[in-house]
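Accompanying notes for the structure given below.
The values are calculated or read from the model by the stated rules, or taken from the named source; none is laboratory data. These figures come from a predicted structure and were not determined experimentally. Methodologically, a virtual Cβ is constructed for each residue, glycine included, from the backbone with ideal geometry; neighbour enumeration extends over all protein chains shown.
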Amino acid sequence: MHSPRTRRTFLRKTGAVLGGLALSGAPALTLAGGQNMQRRTPLPPGTDPLGVALVGLGNYATNQLAPALQETERCRLTGIVTGTPAKVDKWMAEYDIPEKNVYNYETFDQIADNPDIDIVYVVLPNSMHAEYAIRAAEAGKQVITEKPMATSVRDCERMIEACDKAGVKLSVGYRLHFEPHHQEMMRLGQEQVFGPVTVVEANFSFTSRNTDAWRFSKEMAGGGALLDVGVYAIQGARYTIGQEPVRVRASGHNTRPDIFTEIYETILWDMEFPGGAVSTHSTSYSANSNRLYMMAPRGWARIEPSFMYDGQSGQTNEGPMDFAHVTQQALQMDDFARCITEDETSRISGEEGLKDMKVIEAIYRSIDRGGRWVEV
Ligand code: NAD
């Protein structure tokens, strides 16, 4: 068994690998569960990067994904889909996108005829993920959809079916699978470095002031903070323990019913895992929390802050986790491009998004049943 410290030192030394040296062909590090710490192998000579079209040019596409696509090795930004003509000129100029690769929601399906676009990345409000992922698959394109994968289990299943039928791959934007603190948490938990995990606590909340946005509409968002950021806490427990929860219990709370008319302001929930591990969680649009904490018989590990684009701070009972910054989204998209080229299933596949959506639906069922335990 590795000592966490040995591993930490190794990773600190290879921290640059995650951002750069891997480009020179550093060997992959294998994580528990068959995941790889680093698979950012260089683009084979003579191979072109895959073209990515971003669908929905909102906050995340503009401020995170498009800049990250300037750092990718295996893919590049070649197209955009937007319903806002005023955005087009700026995007074309900034990212050198030709007019023929610009689509709106009416012309979207014509993307099928565009060889510059291999991957369609859906960055729309949650309720629109299923429609555009399915249309992208039907156009023969590889698909990434942002989290939450969709707003219902049924839609997740429809997306998986459409991609299977079209013979394309499907991935969910779970960027933290490429973040080294989280990869270390997976290793510590799944390899039982401190013994089998007993308890996980994970919380993700932020104070939302933009209360008229789509995130406050049940129809557009599918729910409140739970689908938006609580899904990271579900993910955190699942990948730290390395198992699927079997039952959950939950409660929903509103202190401002004038604002939270359709969604819960705060949700608390617990999950039970088959081996006996338990996890406890909260998510809210009226608080600030950002934490993943694992407890085991011989030690503990914590990432706080945990779930953001950078600035993770990690600690175990043996000392600090000390990893270099990575651009999670660049690694995420390059890994998907590699999976396409090498015909592998993405570690953040549609099935992974579906599992979280089953938990989310069980949480709402439990709230509806007054907080009783319900099977996932
Ligand atoms: P946003 O509101 O900033 O952007 C949404 C985009 O969708 C806008 O460009 C808007 O014009 C467009 N749109 C098209 N049809 C629309 C409609 N009918 N109503 C509203 N908008 C419409 O949102 P965002 O923060 O960019 O989030 C987009 C998706 O990305 C969400 O699913 C969100 O969960 C996800 N996201 C993921 C991360 C992450 O870390 N992985 C971070 C932020 C957002």
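Can you tell me which condition Arg154 does not meet? The list is (1) away from the ligand (no atom under 13 Å from the Cβ); (2) more than 15 Å from the chain's Cα centre (by Cα); (3) assigned to a helix (DSSP H, G or I); (4) farther than 27 Å from Ile340 by Cβ, and all the others hold. For Arg154, the exception is condition (4).
Here's the yes/no breakdown for (1) more than 14 Å from the ligand (Cβ to nearest atom); (2) under 29 Å from Pro49 (Cα atoms); (3) touching an Asp or Glu at 6+ places or on another chain (Cβ under 7 Å); (4) assigned by TED's automatic domain parsing to the domain that holds Ala202:
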residue: Leu292; (1), (2), (3), (4): yes, no, no, yes
residue: Ala296; (1), (2), (3), (4): yes, no, no, yes
residue: Trp300; (1), (2), (3), (4): yes, no, no, yes
residue: Glu304; (1), (2), (3), (4): yes, no, no, yes
residue: Met308; (1), (2), (3), (4): no, yes, no, yes
residue: Gln315; (1), (2), (3), (4): yes, no, no, yes
residue: Gly319; (1), (2), (3), (4): yes, no, no, yes
residue: Gln329; (1), (2), (3), (4): no, yes, no, no
residue: Met333; (1), (2), (3), (4): no, yes, no, no
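Checking Ser284, Ser279 one by one, the residue that is farther than 30 Å from Pro67 by Cβ, touching a residue at least 60 places away in the same chain (Cβ under 8 Å), hydroxyl-bearing (Ser, Thr, Tyr) and surrounded by 24 or more Cβ atoms within 10 Å (Cβ to Cβ) is Ser279 and no other. Test Pro257 against the stated conditions and say whether it is surrounded by fewer than 24 Cβ atoms within 10 Å (Cβ to Cβ) and at pLDDT below 95. Criteria met by Pro257.
Please indicate, with yes or no, whether at least one residue in the stretch 69-82 is surrounded by 14 or more Cβ atoms within 10 Å (Cβ to Cβ), farther than 27 Å from Tyr174 by Cβ and free of Cβ contacts under 8 Å to residues at least 60 places away in the same chain.
Taking the stretch 69-82 first, the residues surrounded by 14 or more Cβ atoms within 10 Å (Cβ to Cβ) are 69, 71-82.
Next, from what is left, pick out any that are farther than 27 Å from Tyr174 by Cβ: none.
For the stretch 69-82, residues surrounded by 14 or more Cβ atoms within 10 Å (Cβ to Cβ), farther than 27 Å from Tyr174 by Cβ and free of Cβ contacts under 8 Å to residues at least 60 places away in the same chain: absent.
Selection of strands (runs of 3 or more DSSP E) fully inside the stretch 269-331 by the criterion of at least 1 residues being under 19 Å from the mean Cα position of the chain (by Cα) and at pLDDT 95 or above returns 278-284, 289-296, 299-303.
For the stretch 92-139, filtered to residues that are of a type in the set (Phe, Trp, Tyr) and touching a Phe, Trp or Tyr at 6+ places or on another chain (Cβ under 8 Å), the residue that is farthest from the ligand (Cβ to nearest atom) is Phe108.
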